[in-house]
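The values are calculated or read from the model by the stated rules, or taken from the named source; none is laboratory data. All values reported here derive from a predicted model rather than from experimental measurement. We place every Cβ from the backbone using ideal geometry, glycine too, and count neighbours over all the protein chains shown.
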Amino acid sequence: MKLLVLIFLSHLLIVHSQETEDIKGYMYVFAQEWPGSICKFQKCTKTYMGNYDNARWNTHGLWPNTMLATSCGFISNCRDETYDESKLTVATKTLIDVTWNGMYSDTFTFRKHEWEKHGTCHPDNLTQNGYMSKVGNLNNQYNYYKILASAGIYPDNSRELTDAEFRAPFTKTLGISTAMTYTCQKDSNTGKFYIAEVRTCFTQAMKARTCDCSKPVSAFVTCGKTFYYPTFQLSNDYVSYVEELADEVSGIFQNFANEIMNILF
């Protein structure tokens, strides 16, 4: 009887040890979105685009995830720390103003959400500046625009891409074909797919690994057999609004100048 109890306890210890090791291990998901597709469906503004340079994809976030197949969304050891942009150095703020913007929504609110939901869960217990700087530098290190350009793939409103074409340059950069996943936005009028987001996966040591989350969550849809990588431009509605506003302001100043001239002369 004692032997059976010992065997049972030993089994529990082994299982617990394996689970603990799983929980200690992380899969990092680094997500970037292509403004050319996002802004085709959203009203992106110059204000929300920050200092974006049109030579990269915009960061969505860096997300620590447990490697457990049944729990790949979030982890449990997150801190309660409110985002405070005053804690960022000038260098970090300058970096993320290029790499990490809201595009069509308030940038501060977007970064705050990413820090409080994901950054506070980083196993290395990074400071806010450390986390934001790390993510900004990852955007430079894994510049999806340059990765695609290395294979002759540039934004083009008429070129259709296949999975093999699109995946090949990422495989060359990351070393394995399964270290990236991607999703699209679909135009309900034309039925065309536009590449929206690419996610690359890493170990805790930041080495490329298979994206094997069994419960992927995305605001986008699975791409069709072919899809587009469109050029980036601000929404026509926004451009028209700016032009109308400029005309209106010009008219106000002209009327004001006329009134002054009438008073003086």
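Could you tell me whether any residue of the range 172-194 is assigned to a helix (DSSP H, G or I) and either under 19 Å from the mean Cα position of the chain (by Cα) or surrounded by 13 or more Cβ atoms within 10 Å (Cβ to Cβ) (or both)?
yes
Within the range 195-207, is there a residue that is modelled with pLDDT of 95 or more, assigned to a loop (DSSP other than H, G, I, E, B) and in contact with a Phe, Trp or Tyr (Cβ under 9 Å, 6 or more places away or on another chain)?
The answer is no, given that none of the residues of the range 195-207 is modelled with pLDDT of 95 or more, assigned to a loop (DSSP other than H, G, I, E, B) and in contact with a Phe, Trp or Tyr (Cβ under 9 Å, 6 or more places away or on another chain).
Which helices (runs of 4 or more DSSP H) sit wholly inside the range 103-171 and have at least 3 residues that are under 17 Å from the mean Cα position of the chain (by Cα), closer than 18 Å to Ala196 by Cα and assigned by TED's automatic domain parsing to the domain that holds Tyr229?
144-149
Return the total of residues in the range 208-232 being more than 21 Å from Gly191 (Cα to Cα) and either at pLDDT 95 or above or surrounded by 12 or more Cβ atoms within 10 Å (Cβ to Cβ) (or both).
Final tally of qualifying residues: 7.
Which one is surrounded by the fewest Cβ atoms within 10 Å (Cβ to Cβ), of the residues in the range 143-162 that are out of contact with any Lys or Arg (no Cβ under 8 Å at 6 or more places or on another chain) and more than 17 Å from Ala55 (Cα to Cα)?
In this case the residue turns out to be Ser158.
State all residues of the range 116-141 that are under 11 Å from Glu81 (Cα atoms) and of a type in the set (Lys, Arg); if no residue qualifies, say none.
Lys117
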